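Everything on this sheet refers to the single structure shown next.
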Amino acid sequence: MTTGKLSRRFALAAGLSSLMWPQTAWPRPEDREVEGGIGGTGIVGILTEFGSLIVSGNRVETDLRTEFSGPFGPLSESDIRVGDSLTIEALGSAGNLRARRVHVTYPLVGTVSERAPGGRQLTVNGVTVLTEAGAPLPSVGDRVAVSGLWRDDEVVASRLSLVSGTLDLVSGDVLRTARGIRIGPVSTRGRGLVSRSNGSFATAIGRFDADRGILRATDITTARFTGAAGALARLSIEGYLTRSPTAPGYRIAGLGHSFERNLDLQKYAEARVLFNGAYTGRFAAESAVILPDNVSARQRVLRRLANG
């Protein structure tokens, strides 16, 4: 084991020279067997700008072989917007990433049932959605697709887009309880969930019963990554930590993949963090950057990281 921390160059590029990992034990590269050789990179986060796709501090190029999709079917590159929450599978090394699949991964799609007076808080499919200052707010009764990141049982939204369809959606971590199965905090019913293990990823599409607080799914997808870039060797993930009953005691909310068991993550439990590292079936994070809560400051940090 070795003590891992961000390099001085990496920290300065992020504008976070004082925010380094303190004496955290990370596995050495030689301690890990990376599946699939060079493999691909899985990226999960928010699109902060174009000029390629800049997501989670990565600059990712697209080409004619890049597939674009959303939960309801194929998309084109022109459909993608800043603020969308994306799952990307890419080939190439850091600084030379080429997307093979770009998928818009909404945590929620549904009807706004509540809107806090004068606040930035909405309720969609029974879930609290926190919106960013200055973002236009939908009205009660509007149907919206919510982009953003899970933070425990709520979503920190990065973009809200009005939708005309009638199908509802929830995607995130599966939780099996004595009372049934949940995706995030949403009780979900549907064939295909019974075999899913705790902490795995799923997307359920169907109709949300507001009276019972249940999403009755007619379509369930159980893979965040599809193999479009081959077996994944690395992950780059933006998110919030949430408690886990298994070591190391935390997981990234909504991701559907677990950390290596020997990581010390406690000091980062309250922060929005960008993790990077190897993937071996578990996420062997090697570095992390605490991201500012302020949207403009966060975008500046991620731009610096993308520019190297």
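The values are calculated or read from the model by the stated rules, or taken from the named source; none is laboratory data. Every value quoted in this text rests on a predicted model; they were computed, and no experiment measured them. As a convention, Cβ positions derive from the backbone with ideal geometry for all residues, glycine included, and neighbour counts pool all protein chains shown. We work out accessible area using only protein heavy atoms, side chains counted, and drop any ligands, DNA or RNA first. Shrake-Rupley method; radii C 1.70, N 1.55, O 1.52, S 1.80 Å.
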Using only the Cα atoms, what convex hull volume per residue in Å³ does region 57-195 have?
148 Å³
With DNA, RNA and ligands ignored, accessible area of Arg300 (1.4 Å probe; Å², nearest 10):
120 Å²
For the chain: accessible area per residue (Å², 1.4 Å)
46 Å²
Stokes-Einstein diffusion coefficient for the chain at 10 °C in a medium of 1.306 mPa s, Rh from the Kirkwood formula over Cα pairs: what value in µm²/s?
81 µm²/s
For region 224-308, the percent of all C-alpha pairs falling in each 5 Å bin, from 0 up to the bin holding the max distance, is 3, 13, 24, 24, 17, 14, 5, 0
Most mobile of Ala253, Ala284, Ala116 in a GNM of the chain (Cα contacts under 10 Å)
Ala116
Can you work out the PRE-style zone for Ala231? Point 7 Å along Cα to Cβ, and I want the residues of region 74-99 with backbone N under 20 Å.
89-94
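Would you compute, from DSSP H runs of 4+ residues alone, the mean residue ellipticity of the chain at 222 nm, taking -39500 (n - 2.57) per run and dividing by the full residue count, rounded to the nearest 500?
The helix-only estimate for the chain comes to -2000 deg cm²/dmol at 222 nm.
Given the alpha-carbon gyration tensor of region 67-125, what are the semi-axes of its equivalent ellipsoid in whole angstrom, ordered largest first, with each equal to the square root of 5 times an eigenvalue? Before the final figure, lay out each step's value.
Details: eigenvalues 191, 38, 16 Å².
Here the semi-axes work out to 31, 14, 9 Å.
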Of every Cα-Cα pair in region 128-209, the percentage lying beyond 17 Å is 51 percent
The chain: longest stretch without exposed GluC sites (Glu not before Pro) (DSSP loop, at most 11 other Cβ within 10 Å), sites themselves excluded?
34-269
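What chymotrypsin sites (Phe, Trp or Tyr not before Pro) does region 186-269 have in DSSP loop regions with at most 16 other beta carbons within 10 Å?
Passing sites in region 186-269 do not exist.
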Of Arg182, Arg65, Arg81, the most mobile residue in a GNM of the chain (C-alpha springs, cutoff 10 Å) is Arg65
Work out how far the C-alpha atoms of region 267-308 reach from end to end along every principal axis, then list the three figures in whole Å, largest first.
34, 26, 13
Cβ-based net charge around Arg212, under 14 Å, with every Lys or Arg adding one and every Asp or Glu removing one
+2
Helix axis angle, 295-306 relative to the chain longest principal axis, alpha carbon, degrees:
40 degrees
Which FRET efficiency, nearest 0.05, do Arg176 and Arg261 yield, Cβ-Cβ r, R0 22 Å?
0.60
I want to verify a result. In a Gaussian network model of the chain, Cα cutoff 10 Å, which of these has the top mean-square fluctuation: Gly206, Gly126, Gly95?
Gly95
Rounded to the nearest 10 Å², the accessible area of Ser78 using a 1.4 Å probe with every protein chain kept is 80 Å²
Which percent of the accessible heavy-atom area of the chain goes to carbon and sulfur, probe 1.4 angstrom?
48 percent
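In region 141-215, what % of DSSP beta bridges are antiparallel (nearest 5)?
Counting only bridges with both partners in region 141-215, antiparallel ones make up about 90 percent.
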